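First comes the structure, then the notes that go with it.
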Amino acid sequence: MKLSFLAILITLTAGLALISAANAGDSGSMPTTINDYKILAPISHGDLTIFPVVSARVHDTSEFITLDEGIRSGEVVVTEVGNLHSTMRRRPYVQPYRGGAEVNRLVLVNNSKHPLILLAGEVVTGGQQDRVVGKDRIVPAESDPVDLSVFCVEHGRWTETSEKFDTHASVMLQPSIRKKAMAEQNQQQVWDAVGQSKASMSARAMQLGPPRPPNGTTQTVTVESYAATVQQLDGTSSYAKARENAIVNSRWIRLWSQYRNLTRA
């Protein structure tokens with residue numbers, strides 16, 4: 001059976017489990033290199049496949065925060081160029097960014113006392129349009145404003161919905177779209193890949209049809225309501241909203257459950 005795009009997404013993002021092959025006492029002062037990592041045989045369950053990555057060294061990452069954690073706490077701010085003001089900073093600040101919003105630029109400030117891990121493929125929603133982070137980086141604690149290289153993943157909207165961006169429950173772009181941002185760095189190719197992904201979601205949803213009720217129960221999802229949900233999926237220009245669609249989200253939850261079961265085994 002071919003993996004669905006959601007299975008591939010989990011496989012290459014959340015499903016990429018970093019497992020230590022040694023205890024903490026084995027870690028020395030030498031830096032970790034690519035030769036210290038090894039990819040083990042894949043583990044499959046249903047539509048889900050995990051590729052474990054093991055290392056002979058252990059590193060303490062407990063001090064880092066994620067983008068989702070920082071935004072939810074209010075200590076990390078992402079906003080359009082030109083929207084950043086002193087109330088978003090702990091220290092006195094002079095606005096160095098002139099002009100209005102730009103498609104491929106956002107500004108981030110890490111006001112927390114912890115370094116921030118920023119991953120290419122993370123989607124932020126709001127502002128003039130939803131964007132995706134274009135490259136991996138670490139933002140220092142209590143940072144000065146950082147100029148983010150981003151790509152739009154919501155073609156067609158250029159109207160501000162909120163001054164600050166949110167993470168919509170940590171949506172991560174699937175690998176086929178992430179490649180267009182990280183490798184090709186081409187905005188049109190990102191838009192094209194988002195459109196193809198949304199079309200694939202809709203086609204797959206129509207192919208599957210409403211879920212069958214468990215034995216002994218009545219159908220809770222009608223054909224009409226299911227078709228309406230598919231129509232909502234077709235109608236949105238936002239990749240994040242497509243991922244939050246009830247049909248897509250139900251498959252995501254099921255695949256995530258499979259991943260949790262595999263990692264606990």
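Computed from the coordinates by the stated procedures, all read-outs in this text should not be read as laboratory data. In this text the structure is predicted, and so the values were computed from the model without any measurement. Cβ atoms come from the backbone with ideal geometry, glycine included; neighbour counts cover every protein chain shown.
Just a few scattered comments:
- Contour excess over end-to-end distance, with Cα ends at K179 and H59 and 0.36 nm allotted per residue: 40.4 nm
- Distances between placed amide hydrogens fall under 5 Å for V76 paired with I71, N111, all partners being 5 or more residues away or on another chain.
- Inter-label distance, A203 to Q188: 2.3 nm, where each label sits 7 Å from its Cα along the C-beta direction.
- Pairs beyond 19 Å (Cα-Cα), from K38/K179; K38/K180; K135/K180; K164/K241: K38/K179; K38/K180
- Computed label-point distance, nm, for sites E224 and E163 using a 7 Å Cα→Cβ extension: 4.4
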